[in-house]
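The values are calculated or read from the model by the stated rules, or taken from the named source; none is laboratory data. Bear in mind that the values here come from a model prediction, so they are computed numbers and not experimental data. Here the Cβ positions follow ideal geometry from the backbone for every residue, glycine too, while neighbour counts run over all protein chains shown. For the accessible areas, the whole protein counts, side chains as well, though only heavy atoms, and no ligand, DNA or RNA atoms are used. Shrake-Rupley method; radii C 1.70, N 1.55, O 1.52, S 1.80 Å.
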Amino acid sequence: MTEEARKPAAPAAGRAGMKKELPEHFKSYRHVWVAIEMERGQVHPVSYELLGCGRTLADKLGVQLAGAVIGPPGEATWHAVAEAFAYGADMVYLVEDPILKDYRNEPYSKALTDLVNTYQPEILLLGATTLGRDLAGSVATTLKTGLTADCTELDVDDDKSLAATRPTFGGSLLCTIYTLNFRPQMATVRPRVMPMPERKERPVGRVIQHKLSMMEEDIVTKVLSFIPDGQSSKVNLAYADIVVAGGLGLGAAENFQLIRNLASTLGAEYGCSRPVVQKGWMPSERQIGQTGKTIRPKLYIAAGISGAIQHRVGVEGADLIVAINIDPNAPIFDFAHVGIVTDAVRLLPALTEAFIRRLSPHNRDKLAS
């Protein structure tokens, strides 16, 4: 036997070369949880979207789906509990305390971490919102477990591990990440990535209440007052039924008035691709894509947008995608439902005029029906 033949085989690259060896103390972790995001009495819709996704994961694993509600005592918190059941939860874990009236990282992290350590879920999902990202990072760090952020797809692998897929390398590739040897398996998902499940009237089921083991004097951060930002943008791209967007193919910043005109005619929101924001042609709150807003409109019109992966993952949930691009080989034509090969700067005014002639103000809503 040659010296080379005596050498042990190199371990296989990637997940194939990894071995799942779940420590004994993690083997009791079961069930899928969704952290119900509630701020100032309002539940963020992403929580309901995650309950729909969590229901699918729980059914594949043969376990229960639970909501984790954290908030102050009162009607709004119990409404969140009831809505969790309406959107598919089998049970709800509840932490109520007056000091949870406003979101602060310290008490919310303590509440969710204590719930996880006590009741041991195998999967914990949160929305990739400003609040959710802050909370997920601190909870995962405290629990010393893995966290996959900004996922575009969640599934359960053959060995019942959570397969969390997200874009990487600036959105040019998709990768699937596993947390093999730690629990819970945590992931955040952006609003509108997952479809909204059907709401069904259901009675409030089993609610497990857990006491917050923290006092106000233990919290460094204090809320002095709440002042709404009256100057904040009213952009509502994520939940618009019709969206019109433009890319670098429009050629100049002034040509984005064509996008605004068409959006106004259709009663739509308007947006743009990431390179347009980088150019300074449009504000960041109008950006659509993995690093901007994720949308699921009934109609999406993309003018002069090439359709890179970063943009694709933000729009592929749309019911109908109409792409306008002068380049017949643009990647957007690979996933658009309707493709028009032409100069968008020339087509947009004609398209707007055609809609103006066809539509009157009282029947524009028919486009979204």
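Remarks
- Scanning the range 110-138 for residues that are closer than 12 Å to residue 188 by Cα and either in a helix (DSSP H, G or I) or not hydrophobic (A, V, I, L, M, F, W, C) (or both) returns 127, 129, 130, 131, 132, 133, 134, 135, 136, 137.
- Residue 215 being touching a residue at least 24 places away in the same chain (Cβ under 8 Å), surrounded by 12 or more Cβ atoms within 10 Å (Cβ to Cβ) and within 22 Å of residue 68 (Cβ to Cβ): no
- Pairs with Cβ under 6 Å, 6+ apart, first in the range 32-49 and in contact (Cβ under 8 Å) with a residue 60 or more places away in the chain and open to solvent by 10 Å² or more (accessible area, probe 1.4 Å), second polar (S, T, N, Q) and assigned to a helix (DSSP H, G or I): 37/47
- Residue tally, condition over 24 Å from residue 237 (Cβ atoms) and surrounded by fewer than 14 Cβ atoms within 10 Å (Cβ to Cβ), over the range 164-201: 5
- Evaluating residue 139 against the criteria (1) over 17 Å from the mean Cα position of the chain (by Cα); (2) surrounded by fewer than 19 Cβ atoms within 10 Å (Cβ to Cβ) leaves one unmet condition, (2).
- Any chance residue 119 is buried (at least 18 other Cβ atoms within 10 Å of the Cβ) and either touching a Ser or Thr at 6+ places or on another chain (Cβ under 8 Å) or of a type outside the set (A, V, I, L, M) (or both): no
- In this entry, residue 339 is excluded by the filter for residues that are touching an Asp or Glu at 6+ places or on another chain (Cβ under 8 Å), over 20 Å from residue 235 (Cα atoms) and not β-branched (Val, Ile, Thr).
- Yes/no for residue 134 being more than 19 Å from residue 80 (Cα to Cα) and not small (Gly, Ala, Ser): yes
- Residue within the range 149-163 that is crowded, with 18+ Cβ neighbours inside 10 Å, among the aliphatic types (A, V, I, L, M) and either part of a loop (DSSP other than H, G, I, E, B) or touching a Gly at 6+ places or on another chain (Cβ under 7 Å) (or both) present: no
- Being open to solvent by 10 Å² or more (accessible area, probe 1.4 Å) and assigned to a strand (DSSP E or B) is a condition met by no residue of the range 312-319.
- Residue 82 fulfils the conditions (1) modelled with pLDDT under 95; (2) open to solvent by 10 Å² or more (accessible area, probe 1.4 Å); (3) under 19 Å from residue 49 (Cα atoms) except for a single criterion, (1).
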